[in-house]
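Asker: Sharing a structure with you now.
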Amino acid sequence: MPTLVLVAMAWLLLVIQGALGGLVGEWVVPQIGIALVVFLGLERSLVRGGVVLLALMWPVEWFVTGVPGVYSFALVAVFFVMQLLRGRVQPTWGIARGVVAALATLGHSLMMLLVFTLSESNARVMTSIGWQMWASAFSTALATLVVGRLLSRMDRVMDPRRGRNVLEFRP
């Protein structure tokens, strides 16, 4: 899938997450930003995934109710860890990738807690992060399976060389 189409799809998913978070509360809504970073880290090369991640930093800061700056820093750390796991995790969007997404969500939360421990050890947001990370890991793991399959399907539709020929027109 072309980079611009992927960025547009990611922006749309982040807008949906922001709308759902405002409607039902943030503790129920999965963290689509982490799901996107897991997809980018496991499916894209370092440069192609990094370019998309760079394009997503502004909307992530705007649409996701996280701590500004710290949330994005932890996303970049998760992206680099996913790059290390690229090619070592099950190639289809199944249980193994869901577990990786849950662990990535927990790692993301722990990274934010570490930053706050080092900078503002008595911040009240640390309690919120600590309580929400467990439900968030479960919901993000499930959402990652859906987001990963959706974006993989879009990959096959837009670039049939990567999968089967879906948009093949015969005269």
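Asker: When you check T3 against the structure, is it at pLDDT below 90, over 20 Å from M112 (Cβ atoms) and touching a helix residue (DSSP H, G or I) at 6+ places or on another chain (Cβ under 7 Å), yes or no? Steps first, answer last, please.
Answerer: Numbers: at pLDDT below 90: yes; over 20 Å from M112 (Cβ atoms): yes; touching a helix residue (DSSP H, G or I) at 6+ places or on another chain (Cβ under 7 Å): yes.
Against the criterion (at pLDDT below 90, over 20 Å from M112 (Cβ atoms) and touching a helix residue (DSSP H, G or I) at 6+ places or on another chain (Cβ under 7 Å)), T3 qualifies.
Residue-by-condition table, conditions (1) closer than 24 Å to T127 by Cβ; (2) aliphatic (A, V, I, L, M); (3) modelled with pLDDT of 85 or more:
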residue: L13; (1), (2), (3): no, yes, yes
residue: I34; (1), (2), (3): yes, yes, yes
residue: F63; (1), (2), (3): yes, no, no
residue: G66; (1), (2), (3): yes, no, no
residue: Y71; (1), (2), (3): yes, no, yes
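Asker: When region 119-128 is examined, which residues are found to be over 17 Å from P68 (Cβ atoms) and assigned to a helix (DSSP H, G or I)?
Answerer: Matches in region 119-128: T127 only.
Asker: Given the criterion part of a helix (DSSP H, G or I), β-branched (V, I, T) and under 13 Å from the mean Cα position of the chain (by Cα), identify the matching residue among V60, V51. Outline the logic, then answer.
Answerer: Working: V51 fails: under 13 Å from the mean Cα position of the chain (by Cα).
From the options V60, V51, the qualifying one is V60.
Asker: Still on this structure, I have one more. Within the group L54, L46, which residue is at pLDDT below 95, out of contact with any His (no Cβ under 6 Å at 6 or more places or on another chain) and within 25 Å of F116 (Cβ to Cβ)? I'd like the intermediate steps shown before the answer.
Answerer: Details: L46 fails: within 25 Å of F116 (Cβ to Cβ).
Exactly one of L54, L46 is at pLDDT below 95, out of contact with any His (no Cβ under 6 Å at 6 or more places or on another chain) and within 25 Å of F116 (Cβ to Cβ), namely L54.
Asker: Return the total of residues in region 87-105 being among the hydrophobic types (A, V, I, L, M, F, W, C) and in a loop (DSSP other than H, G, I, E, B).
Answerer: 2
Asker: Additional query: Going by the structure shown, is A101 closer than 17 Å to S72 by Cα and at pLDDT 85 or above? Step through it out loud before you land on a result.
Answerer: Values: closer than 17 Å to S72 by Cα: yes; at pLDDT 85 or above: yes.
Against the criterion (closer than 17 Å to S72 by Cα and at pLDDT 85 or above), A101 qualifies.
Asker: Right, here's the next one. Taking Q83 as meeting all but one of (1) under 30 Å from R124 (Cα atoms); (2) assigned to a helix (DSSP H, G or I); (3) of a type outside the set (A, V, I, L, M, F, W, C), write down the number of the exception.
Answerer: (1)
Asker: Something else about it: Among the residues of region 1-38, how many are in a helix (DSSP H, G or I) and either out of contact with any Lys or Arg (no Cβ under 9 Å at 6 or more places or on another chain) or at positive phi (or both)? Working first, answer last.
Answerer: The first filter runs over region 1-38 and keeps only residues in a helix (DSSP H, G or I), leaving 3-24, 32-38.
Filter once more, so that each one left must be either out of contact with any Lys or Arg (no Cβ under 9 Å at 6 or more places or on another chain) or at positive phi (or both): 4-5, 7-24, 32-37.
Total meeting the criteria: 26.
Asker: Looking at (1) at pLDDT 90 or above; (2) surrounded by fewer than 18 Cβ atoms within 10 Å (Cβ to Cβ), find the lone condition where S121 falls short.
Answerer: Among (1) at pLDDT 90 or above; (2) surrounded by fewer than 18 Cβ atoms within 10 Å (Cβ to Cβ), S121 violates only (1).
Asker: Right, another one. I'd like to verify a number: residues in region 60-104 that are within 24 Å of S119 (Cβ to Cβ), among the small types (G, A, S) and out of contact with any His (no Cβ under 6 Å at 6 or more places or on another chain), how many?
Answerer: Of the residues in that region, 5 qualify.
Asker: Pairs needed: first member in region 130-151, closer than 26 Å to F116 by Cα; second member anywhere, among the charged types (D, E, K, R); C-beta distance under 9 Å; at least 6 residues apart or different chains.
Answerer: Pairs found: Q132/E26; S136/E26; A141/R97.
Asker: Return the only residue of Q83, Q132 being at pLDDT below 90, within 23 Å of L14 (Cα to Cα) and touching a Ser or Thr at 6+ places or on another chain (Cβ under 9 Å). Talk me through it step by step, then tell me what you get.
Answerer: Working: Q83 fails: at pLDDT below 90.
Residue meeting the stated conditions: Q132.
The values are calculated or read from the model by the stated rules, or taken from the named source; none is laboratory data. It should be emphasised that the depicted structure is a prediction, and the values quoted were computed from it without experimental measurement. Every residue, glycine as well, gets a Cβ built from its backbone with ideal geometry; the counts of neighbours run over all protein chains shown.
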